[in-house]
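Input: a single structure, listed below in structure tokens.
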Amino acid sequence: MNVIDFRFRPNTPETVTGIANSKMWKELCEYIDFAKMKPQSLAEVVNDMNRHNVVRAVITGRDAETTYGAPSNNDSVIEFAKAYPDKFIGFVGLDPHKGMKAIEELKASVTELGMRGAAIDPYLAKLYANDAKYYPIYSKCCELNIPIIFTTGPATLVPGAIIDHVAPRYIDFVARDFPDLKIVISHGGYPWVNEAITVAERNRNVYIDLSEYEFSPLAEAYVQAANTMIEDKILYASAHPFVDFKDALATYDKLDFKPEVRQKIMHDNAAGLLGLSASQGAMGTVQEPAQVENLVGDIVREVLKRLGR
């Protein structure tokens, strides 16, 4: 099965070093033993992705300069996307406290630098998702017709951050105020599992990725909801902090999705949301023999019809 990873972190030496040296993530790195994360060259990362049928991957930027003194990493995201444009899709990270400067960066990133979406982190911005400071960003995303990722989840041990800022109920306000805004709740809106499911179910423009919390308490509701209510709204993503994407793929193998639902989660839902054509979103797809036989039969019949036979 081909896979589209809707939130991917390349473990290049620069990325690993940047995280390890960040004051913002210092306690978290110690908590999860970040030293076990081994860096790879970008070419090695892409080769691994190819071996595991990951045909596309979204990489998100982050800008928490105002609140945590952590400058944007958008330049790195742009470099990844330029190095492998058929593999990586860049989303520009935005700091809502920067006002029109953030809007100008968003516009230039999309129209001039090839970025395909936006990313925000209310937890690190210390703002609710429906704060007025975000609304110009949402409006510009609608104008540019691009999706936006909301980083949620408790992000353990980040100093000064308040968990309530990322509760899905505030994203519900945004979805209602901007019905054309394509919204992805990253990390499943955990621990508000049922709330996130409800927000996605009642808003046609809201999607969820489950990265990081697939086997946390109450997470079985995500699988139940995918199999019964929101099969078109769940996206695969490997953006568990500092976990190798191959381990994330193995995690999803253990989740009890229906086969047709798994296909949507691992590939089809993301392809539709990103506006990828069949050839762009499913490179290397091998058709089953029966499919090939039927296709050949259709072609032969059409040729004979045009020949009047």
Any residue in the range 124-136 that's under 20 Å from V158 (Cβ atoms) and crowded, with 18+ Cβ neighbours inside 10 Å: show its pairings with residues that are at pLDDT below 95 and of a type in the set (F, W, Y) at Cβ separation under 7 Å, as long as the two are six or more apart or on different chains. L124/Y68
Exactly one condition in (1) surrounded by fewer than 21 Cβ atoms within 10 Å (Cβ to Cβ); (2) hydroxyl-bearing (S, T, Y); (3) touching a Ser or Thr at 6+ places or on another chain (Cβ under 6 Å) is not met by T111; state its number. (3)
Using beta carbons and a limit of 6 Å, which pairs, at least six apart or on different chains, have the first residue in the range 179-190 and part of a strand (DSSP E or B) and the second one among the basic types (K, R)? S186/R7
What number of residues within the range 224-249 satisfy the criterion of being aromatic (F, W, Y) and either modelled with pLDDT of 95 or more or out of contact with any helix residue (DSSP H, G or I) (no Cβ under 9 Å at 6 or more places or on another chain) (or both)? 1
Count, please, the residues in the range 202-236 that happen to be over 13 Å from P191 (Cα atoms), assigned to a loop (DSSP other than H, G, I, E, B) and touching a residue at least 60 places away in the same chain (Cβ under 8 Å). 1
Say whether the condition of being over 27 Å from H52 (Cβ atoms) and in contact with a strand residue (DSSP E or B) (Cβ under 6 Å, 6 or more places away or on another chain) is met by at least one residue in the range 210-232. no
What are the residues in the range 184-230 that are of a type in the set (G, A, S), touching a His at 6+ places or on another chain (Cβ under 9 Å) and under 17 Å from K258 (Cα atoms), if any? none
Pull out all pairs, ordered by first then second residue, where Cβ-Cβ is under 7 Å, the residues are six or more apart or on different chains, the first lies in the range 244-259 and is within 24 Å of K38 (Cα to Cα), and the second is of a type in the set (F, W, Y). F245/F8; Y252/Y236
Residue satisfying condition, being touching a Cys at 6+ places or on another chain (Cβ under 9 Å) and in contact (Cβ under 8 Å) with a residue 40 or more places away in the chain, within set G69, G117, G61: G117
In the range 149-184, residues that are more than 19 Å from K133 (Cα to Cα), surrounded by 15 or more Cβ atoms within 10 Å (Cβ to Cβ) and out of contact with any Leu (no Cβ under 8 Å at 6 or more places or on another chain) total 2
Count of the range 82-108 residues which are among the acidic types (D, E) and either surrounded by fewer than 18 Cβ atoms within 10 Å (Cβ to Cβ) or in contact with a strand residue (DSSP E or B) (Cβ under 6 Å, 6 or more places away or on another chain) (or both): 2
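The values are calculated or read from the model by the stated rules, or taken from the named source; none is laboratory data. From a predicted model like this one, the values you see are computed outputs, not experimental measurements. All Cβ positions, glycine included, derive from the backbone under ideal geometry; neighbour counts span all protein chains shown.
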